[in-house]
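Below you'll find the structure, written out as structure tokens, and then a few comments.
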Amino acid sequence: MSEPTKLETIAASYGIAFDREFGAVAPPIYLSSTFAFAGYEHSGTHEYSRVSNPSRALLAEALARLEGGAGAVVTASGMAAIDLVLSLLRQGDLVLAPRDCYGGTYRLLAARAERGHFDLAFVDQGDAAALEEALGRSPRLVFVETPSNPLMRVSDIRAIADKAHAAGAQVVVDNTFLSPALQRPIAYGADFVVHSTTKYINGHSDVVGGAVIAAAAPDVEQLSAWANIAGTAGAPFDAYLTLRGLRTLFARLERQQANAMAVATFLAAQPGVAAVHYPGLESDPGHALAATQQQGFGAMLSFELRGGTEAVRHFVEAVEVFTLAESLGGIESLVAHPATMTHAGMGSEARHAAGISDNLLRLSVGLEAETDLIADLSRALVAAERGAGAKNGPRGNGAV
């Protein structure tokens, strides 16, 4: 039987009915920590689950096929996946990273650099001159996050990869916001793709995990070796659940991004909203570029409220369909306040430099009915306006 080539088919069916002993349709879970040797110096495919495990291997194979890579390593979290790529670096190597990246990524990079594991520079990757100058410093690794978290800025993967390779650097792209259903960075020149599989790949907010997909086999071998040395591998049961979530990735995202477009269009028309960041809107600065390297605009967006932090406070306390929580990519709709939640660890100065204001809210749009989502946002916007007006007194001077 020929291998499927359509990504939807790979996601839905990879590993289905592969059990030759009992004919199980769903792949079994291999919870064993260790595996029997056939005899002296005769190990099987798997020896010990920190090194490799059938359930984890199946998920890794599926992700590598979806991203078009030579192989993948499944890790215990998305941060572990990023840290695994950083393990390839040596003291004195330079990492270039976007200054508006996810707060956890910023914190990890800054902490490793502070301990002298490598050198680090945060760059506005949308500024061609700044990027060119930074690449002139001969970096070893260029980290790209597109769309960025939480401002949804779109970076040109191919252009950055071409310039980075010319400078002797490898490129890693965080594809968590879109997943391989909507973006495949290796096809545009990325050497590595990282995911928090906690998010869209699992899609149900019940597993924490990560993955690194490498374009070249030697890099897969290096990553696998270090994952074994450091013990960063994901658990078999988590791999099983993540693979189960992967089955519905394309169907979920189709509905979720339709809802997100409706929500973004609604918010853009509201007087209490100062700005909406969503590449799906034709008015968004990243719209044209996103249309060339993405197969859709995703279900993440952010927006800035008028009325200051009081408006933010009343908004998040008024929502009922949206839940105030960190994380993203699940079937449920979430709202987060980056300045006090996901990006709090960056510090106010770094957030300001990145353009992340205290008025910014990030939405992960789920599978609920579009009308219920918009009605919920509408109620919350009214509450935000009233709250800001009460704080600012009878003049109602809450706009910022």
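Read-outs: derived from the displayed coordinates by stated rules, not from any lab. These numbers were taken from a predicted model, which means no experiment stands behind them. We place every Cβ from the backbone using ideal geometry, glycine too, and count neighbours over all the protein chains shown.
With charges set only on the Cβ (+1 for Lys and Arg, -1 for Asp and Glu), what does the dipole of the range 188-255 come to about its Cα centre, in debye to the nearest 20?
Dipole of the range 188-255, to the nearest 20 debye: 360 debye.
When the chain is fully extended, how far beyond the present Cα-Cα distance does residue 121 get from residue 352, taking 0.36 nm per residue of separation?
That pair, residue 121 and residue 352, stretches by 81.5 nm at full extension.
Quick one: which residues, 5 or more positions from residue 273 or on another chain, have an amide H under 5 Å from its amide H? H modelled 1.01 Å from N in the peptide plane, none for Pro or chain starts.
Residues meeting the amide H criterion: 306.
Could you work out the helix-only [θ] at 222 nm for the chain, with each DSSP H run of four or more residues adding -39,500 (n - 2.57) and the total divided by the number of residues, to the nearest 500 deg cm²/dmol?
Numbers: 13 runs with 153 residues, N = 400.
-12000 deg cm²/dmol, from helical runs alone.
Roughly how many Å is it from the Cα centre of the range 123-199 to that of the range 366-389, as a whole number?
Cα centroid to Cα centroid, the span is 34 Å.
Once you place label points 7 Å from the Cα toward the Cβ at residue 33 and residue 372, how far apart are they in nm?
Going by the 7 Å Cα→Cβ label model, 4.3 nm.
Which of the three applies to the range 7-246, rounded, prolate or oblate, going by the alpha-carbon gyration tensor with a ≥ b ≥ c and a/c under 1.5 meaning rounded?
Numbers: a/c = 2.18, a/b = 1.67, b/c = 1.31.
Prolate, since a/c reaches 1.5 and a/b exceeds b/c.
Counting other C-beta atoms within 10 Å, which of 199, 163 has the fewest, and how do the rest follow?
In order of increasing Cβ crowding within 10 Å: 163, 199.
Answer rounded, prolate or oblate for the range 216-272, using the Cα gyration tensor with square roots of eigenvalues a ≥ b ≥ c: rounded when a/c is under 1.5, else prolate when a/b is larger than b/c, else oblate. It would help to have the intermediate numbers written out before the result.
On the way: a/c = 3.29, a/b = 2.41, b/c = 1.36.
Note, shape of the range 216-272 comes out prolate.
Specify whether the C-alpha gyration tensor of the range 90-184 places it in the rounded, prolate or oblate class, a ≥ b ≥ c being the square roots of the eigenvalues: rounded for a/c under 1.5, otherwise prolate if a/b is larger than b/c and oblate if not. Mind dumping the intermediate values first?
Numbers: a/c = 1.69, a/b = 1.22, b/c = 1.38.
Taking the square roots of the gyration eigenvalues as a ≥ b ≥ c, the range 90-184 is oblate.
Could you grab the relative contact order for the range 249-392? Cα pairs under 8 Å, six or more apart, rounded to a whole percent.
So the answer I get is 30 percent.
So for the chain: antiparallel DSSP bridges make up what percent, rounded to the nearest 5?
60 percent
Which ³J(HN,Hα) values in Hz, rounded to whole numbers, follow from the phi angles of the range 190-196 under the Karplus curve 6.51 cos²θ - 1.76 cosθ + 1.60, where θ = phi - 60° and Gly and Pro get x?
With coefficients 6.51, -1.76 and 1.60, one gets 5, 8, 9, 10, 10, 9, 8 Hz.
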